[in-house]
């Protein structure tokens, strides 16, 4: 078989694999015959002896590849004349020429074919160290016959980014514009209402992989709680064996996100989940994630715990451990990978983290710190320590049921998942023709202060945060038709929250103006840092479907709930969403309280009348005999899966306008190498 060996193909495959998994450039590949390596009597490779023989040239191989020490490109059809031959040279041609030069040079530096170089991957992916990148900037400057900063590749970390930046410099010579090639956001003096539009959502909750499945679960009143999977841990006898779990937390496609396998292994699965669900939320909004590069897009993520750092890496020491397990990187990684330039931060206020992140995102949009915001929260239960601690503190339900507001409430059930929503100023969303799912009219946060204990709730503080959110929304409490409660199923917490709601909602409300109350924790458990965003997504879905889903596990009201003779209701059957005099859905409130005392409340309203109906593209544009549906993925297998997903979607949604789907697939999705139309 050695006679048929394609040594060049084998050595290149080895170099590519090492780049992919370790981000290191290879200088020598030596192929040996089987049995040549020195080994111990037990069959282990004697690494030191092997290294010494290699350095002495005593390892006899059947093929060898060595990194060429070529100082400059010797065979390239790309020349400076491609850029300067005409004053009317299109910017696209300039970009292509610079990309071609850089692709050829990087391929030469790392010893792989230029057609294997991805212009969207960072230079660091190819194992180029700081000295090499500085030298590369100098060589590029010589080729362009102009001085370039030594920090060029740090400021523009991909071949594509460098080419586009430099094309901007070149094109400035051909125009009268003096605008910087690096896009920057001008100071604005825009007048806007302060309301924020929710234009996209994504989620991964127990027994629900997306918003559609989540609504089906809610509508049917399903309890998604299960026993702890064997793949997580074996519950101790004193602990609680229940939780709301999601599938596939150990699955991730690092190549799709441009992450090496070695780095992905050390990434907290919470970081991976936020990447996946964040991408899905943007696509749900009709936004191609990669189209946001350089934009003032903010990322705000609620996260509180990190179990993954307790697991030793199977690969031993890994330089990516710190970034892989730092909570701050959960938001920063999205900004880094997609080149988002707005605020990027994580928020930890325990159980209220994601609703506080939601509030901060809305505020950032109002202050014009960003033009688009991706916000939500994540929580995963990977080890038993937190569960065991809470069980020992008698916070958890022994029976594994969140009996919110019920006389039999005996504690909460831990849950996991991730929810992300896309936000934009309402005026901007209307201008851009976005599909508006709901409007955030106002929100607020505050603190319990000194209470009967650091984890004890404060009813008066809860009332205060709701009143302030209503004031910020410019609404009266009597206008609210539904409240998604924090409601965890605890003997003390639920009555305090309910009576706080009563104190705000009942005064000045007529007996006919019923306000319904529910809690998603009775379906999927308490998602802790992701609980608030789960409540937001549930509320938006219910408002859009015009139906309040049933509240499970309510058999008898807790005797501590003062519900008698009030216009407050906790529906145990599907109930029509309340409407106002003009038959529009009434606004809703969402509560989320942290166990350390940080409270948050958000007021949501239906979208403007102009966006209630889906845009009828076919009705407002000429009829065409057909439409082009463009699909793409990063592999043939993924493309086949995507095609099947579209087929299944059309089968289950036969009334979906084909023109709308084709338009979104064309302009609202990022496009990859493997394509089908």
Near pairs, Cβ below 6 angstrom, 6+ apart or cross-chain, from region 230-247 (more than 16 Å from residue 388 (Cα to Cα)) to any residue that is not in a loop (DSSP other than H, G, I, E, B): 246/204; 246/417
Boolean, residue 461 is surrounded by fewer than 21 Cβ atoms within 10 Å (Cβ to Cβ), more than 23 Å from residue 575 (Cβ to Cβ), in the same structural domain as residue 397 (by TED's automatic domain parsing) and in contact with a helix residue (DSSP H, G or I) (Cβ under 9 Å, 6 or more places away or on another chain): yes
Cβ-Cβ under 9 Å pairs, at least 6 apart or on other chains, region 9-25 side within 15 Å of residue 106 (Cβ to Cβ), far side part of a helix (DSSP H, G or I) and modelled with pLDDT under 75: 25/19
Helices (runs of 4 or more DSSP H) within region 38-134 that include 2 or more residues outside the structural domain of residue 12 (by TED's automatic domain parsing) and either more than 18 Å from residue 165 (Cα to Cα) or at pLDDT 85 or above (or both): 91-110
The listed residue being at pLDDT 95 or above, in the same structural domain as residue 464 (by TED's automatic domain parsing) and more than 29 Å from the chain's Cα centre (by Cα), out of 535, 546, 503, 518: 503
Matching residues in region 236-250 - criterion: being part of a loop (DSSP other than H, G, I, E, B) and touching a helix residue (DSSP H, G or I) at 6+ places or on another chain (Cβ under 8 Å): 236, 238, 239, 240, 249, 250
Check on residue 392, in contact (Cβ under 8 Å) with a residue 24 or more places away in the chain and either surrounded by fewer than 24 Cβ atoms within 10 Å (Cβ to Cβ) or not assigned by TED's automatic domain parsing to the domain that holds residue 434 (or both): yes
Which numbered condition residue 616 fails, given (1) modelled with pLDDT of 85 or more; (2) touching a helix residue (DSSP H, G or I) at 6+ places or on another chain (Cβ under 9 Å): (1)
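Residue-by-condition table, conditions (1) over 11 Å from residue 516 (Cα atoms); (2) part of a loop (DSSP other than H, G, I, E, B):
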residue: 540; (1), (2): yes, no
residue: 543; (1), (2): yes, no
residue: 555; (1), (2): yes, yes
residue: 560; (1), (2): yes, yes
residue: 565; (1), (2): yes, yes
residue: 582; (1), (2): yes, yes
residue: 589; (1), (2): no, no
residue: 592; (1), (2): yes, no
residue: 601; (1), (2): yes, no
Test: residue in region 218-238 that is over 23 Å from residue 415 (Cα atoms), loosely packed, with under 14 Cβ neighbours inside 10 Å and modelled with pLDDT under 95: no
Qualifying residue in region 308-326 (condition: closer than 17 Å to residue 276 by Cα and modelled with pLDDT of 95 or more): no
Qualifying residue in region 474-490 (condition: part of a helix (DSSP H, G or I) and buried (at least 24 other Cβ atoms within 10 Å of the Cβ)): no
Residue under evaluation residue 467, criteria (1) without any contact (Cβ under 8 Å) to a residue 40 or more places away in the chain; (2) farther than 30 Å from residue 609 by Cα; (3) in a helix (DSSP H, G or I), criterion not met: (2)
In region 474-528, the residues that are touching a helix residue (DSSP H, G or I) at 6+ places or on another chain (Cβ under 9 Å), free of Cβ contacts under 8 Å to residues at least 60 places away in the same chain and on the phi > 0 side of the Ramachandran plot: 508
Of all residues making up region 16-35, the number that are surrounded by 13 or more Cβ atoms within 10 Å (Cβ to Cβ) and over 47 Å from the mean Cα position of the chain (by Cα): 0
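The values are calculated or read from the model by the stated rules, or taken from the named source; none is laboratory data. All values reported here derive from a predicted model rather than from experimental measurement. Cβ coordinates were reconstructed from backbone atoms using ideal geometry, including for glycine residues, and neighbour counts include every protein chain displayed.
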